[in-house]
Structure formats: structure tokens, C-alpha cells
Amino acid sequence: ERLPQHHPLRTGRTLDAPLLQALTARTPARPPVWFMRQAGRSLPEYRQARQGTAMLDACLTPELAAEITLQPVRRHKVDAGIFFSDIVVPLRLAGVGVEIVPGKGPVLDRPVRTAADVAALPEIDDDALEPIREAVALTVAELGGTPLIGFAGAPFTVAAYMVEGGPSRDHLLPRTMMHADPEAWEALADWAARASGAFLRAQVLAGASAIQLFDSWAGSLSVRDYLDHAVGHSATALASVADLPVPRIHFGTGTGELLGAMRDAGADAIGVDHRIPLAEANRRLGGRTVLQGNIDPALLPAPTEVLRRHVDDVLRGGALAPGHVVNLGHGVPPETAPAVLTDLVSYIHEHRLVPARG
Ligand code: 1CP
């Protein structure tokens, strides 16, 4: 299928933006940079805009979601907007009882733990995606030549919240379910893959120029369990936009052993956390995959010179890959001083890339 006529990749508006160049291994003049969780509590204008509105209600109010998406682009001059939403929004759209509790995260009314619980899960009605399409369209109209990145949660990470009923440290319940009731697990992960897939596809058709699949908790799985019980479902979610010409980024934390499998799931670029140097990630991927990352969020409050030396290292490692999108290894901590990020963007933008020879 083709993108709609007004899509910014089809009109060419975002086609040659540094982000799209890097994701498609065409060396841009300078590296693109954006930050996971660039919208959110680190920004005073976000706290102001969100006042009196519950998180998921904000995600489903198109004007508000668009405004919050645009805030960090205006302030920091990053090379992409990341759609303001959440990985559990598709659950809410399907009619699953879920809330984002301040200071905690996503909490379900009833955890999903048995085959009967899974069988009772409702499918997303296409009409329910309308607020997403509207929010994306409003955002893209304002962004001009800056690309919007759409996203969704990977099935393992989404299903982990569904089985646990909320945030957890070790994700023991979903990891048990894979083995104790594999049929129920497969059905649940497949449901999550379809829900995330529908969410991704809606964002792309409405104007997103790239997507990222977040498997934030994949690092809690053994390689065996990732291969046997998770990666196939991530491939299903990524396949939801495979017929459209949008680059796909696949990100997780603690995934040093999983990078090749994550790429083979259907990704054009791999997001790497701070635990592994980009040079090593590039080696593990055979030097043929675009990388994203991996400034350690812990260094953001460090003295400027210390942070810059770390960023120089990240840029050197990234330059070994066919393309590099600068990002943090995980989300912006809410305590981060906004000026640190603004300054970091301008520092990275001063860097010049040399096109590969030959
Ligand atoms: O009170 C608030 O302001 C809510 C905080 C918040 C925000 C700003 C949550 C709750 N979600 C979000 C937005 C969000 N979530 C975005 C868009 C904004 C941006 O990146 O600029 C994205 C991409 C997400 C994705 C998300 N939600 C992930 C994957 C990324 C990651 O950080 O690993 C995960 C794991 C979630 C679940 C979630 N939502 C919110 C919280 C606090 C959490 C994590 C809870 C936990 O520790 O398990």
C-alpha cells in the first residue's frame, strides 16, 4: 500500500530531514538527535498543560497531545517529535480498564492471567483510533520539515503490564506464564501485537515519518525465552507497517544479547541503552545496521565537560555504524534541567559527519 498523498514522506517534506537520512544510511551533514521522553515532566510547559487532566485523557485529547508533542521540538530544536501517547493507550482504546497512576505508571483494573482472561479481551474498533489520527495530523501540520516518530509498546513489554496488572521489577508473572501456560501467553502476546500494530499503523497513515517499537523490559528475558516467546510477536507488530516506506526503530534496555534478533524481527535501526558501547553493538550487528543511542541519562547532571566527553565517545562509536541517531540510552529523567538538553542538542548539531568513502 502507498502512503496518503499529503503524507510528509510522500510530499517529500521530511524525506531528506537528518533523521530520515540517518535511518536510511544516507549520511546527513550532522547527526540527528532526539530524546526518549523528551515530552513530559522535565518541562514546566508540560506540567502547566497537563494540569487537571489525567494522563490517558491528555493522550486522547488531540489538541493537547499535539501541543505536548511540539513543546520539546520548539524548546530544544531536536530533529524529531515523538508522538505524546503511551504504550497502554491501545488497551484503553480497546476498552480494557487501565489508568496511569501518577508517580507509578500503568495500572489495570483486572490483571490478565488465564486463557479465559485473554479470550475475553476486546479488539480495537477502527473508529476508536480517530483521536490518534487527529492528534498526529495536527502535530504533523505544525512540525513542517521535522519528522514525527510514531511508536508502540512491543508485545512482551505491554503484556508484562497486563499480566502483572502494573509496573514490576522482575516481570516474574509474565515470565512464568510463558512456561506454565504457553497457549495463554501466545494468545495474549498476539493480542498485544495486534493492538500495538493497529496503533502504529494509524500513526503512520496519519503522518508519522518513522516508528519506534519500545521493548523496554525485554532485557529481563533470557535469550532463549526472547527467541521462543517474544521476538515473533514483535515481528508481528513491526509487520503492521512493513508495506509502508517508513523506517522502523526497535529499542529495548538490557538487550546486549538480543540485538541481532531484534534487527531480524524487521527493524531498520536498533536502539541501544547505556550498558553497551555503540562500537560493540555495531560489531554484534555485523556493521550493517543503523544504531540509535546511547548517552547515559545518569550523566545529564554531570559537569558540562564530563557530559561532552561522554557524548564525544558516543558520536565516535556511532560513526562506525552505517547510520547513527543520537539519543539517550533510556528516557529523560523527570528531574533533568531543560537547559542541559537544549545545550546538548546544540553541541551535537555542531558535530560534522564525513560521508563514508567508496
Ligand atoms: O504523570 C505523567 O506526566 C505521566 C508520565 C508519563 C509520560 C509523560 C507516562 C506514564 N507516559 C508518558 C509518555 C510516554 N510514554 C511517551 C511519549 C513521550 C516522550 O517520549 O517524549 C512514550 C514514548 C511512552 C512509552 C512508555 N510508557 C514506555 C516505553 C518507554 C520507556 O520509558 O521505557 C513505557 C515502559 C511506558 C509505561 C509507563 N507510562 C508511564 C510510566 C511512568 C511508565 C513506566 C512505569 C514503569 O516503571 O513500569
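Nothing in this text is a laboratory measurement; each read-out follows from the coordinates by a stated rule. Being a predicted model, the structure only gives us computed values, none of them experimental. Every residue, glycine among them, receives a Cβ derived from its backbone with ideal geometry; neighbour counts consider all protein chains shown.
Condition test on residue 295, is it within 30 Å of residue 40 (Cα to Cα) and within 16 Å of the ligand (Cβ to nearest atom)?
yes
Each row is one residue, and each column tells you yes or no for (1) more than 26 Å from residue 204 (Cα to Cα); (2) buried (at least 21 other Cβ atoms within 10 Å of the Cβ).
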position	(1), (2)
59	no, yes
63	no, no
74	no, no
85	no, yes
90	no, yes
93	no, yes
118	yes, yes
Of the candidates 142, 123, 134, the one satisfying the condition of being closer than 21 Å to residue 230 by Cα and more than 11 Å from the ligand (Cβ to nearest atom) is 123
Practice task
Kindly indicate whether any position in region 60-70 is in a loop (DSSP other than H, G, I, E, B), more than 22 Å from residue 165 (Cα to Cα) and either more than 12 Å from the ligand (Cβ to nearest atom) or touching a helix residue (DSSP H, G or I) at 6+ places or on another chain (Cβ under 9 Å) (or both).
Solution key: yes
Counted residues in region 22-58 being among the hydrophobic types (A, V, I, L, M, F, W, C) and touching a residue at least 60 places away in the same chain (Cβ under 8 Å) come to 9
Out of (1) within 14 Å of the ligand (Cβ to nearest atom); (2) crowded, with 18+ Cβ neighbours inside 10 Å, the one residue 101 does not meet is (2)
From the option list 193, 159, 152, single residue qualifying as in a strand (DSSP E or B), closer than 18 Å to residue 252 by Cα and under 21 Å from the mean Cα position of the chain (by Cα) is 152
On the basis of being touching a Pro at 6+ places or on another chain (Cβ under 7 Å) and within 16 Å of the ligand (Cβ to nearest atom), does residue 48 make the cut? no
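Results for (1) part of a loop (DSSP other than H, G, I, E, B); (2) over 30 Å from residue 319 (Cα atoms); (3) not small (Gly, Ala, Ser), shown as yes or no for each residue.
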| site | (1), (2), (3) |
| --- | --- |
| 48 | no, yes, yes |
| 56 | no, yes, yes |
| 75 | no, no, yes |
| 103 | yes, yes, no |
| 107 | no, yes, yes |
| 110 | yes, yes, yes |
| 116 | no, yes, no |
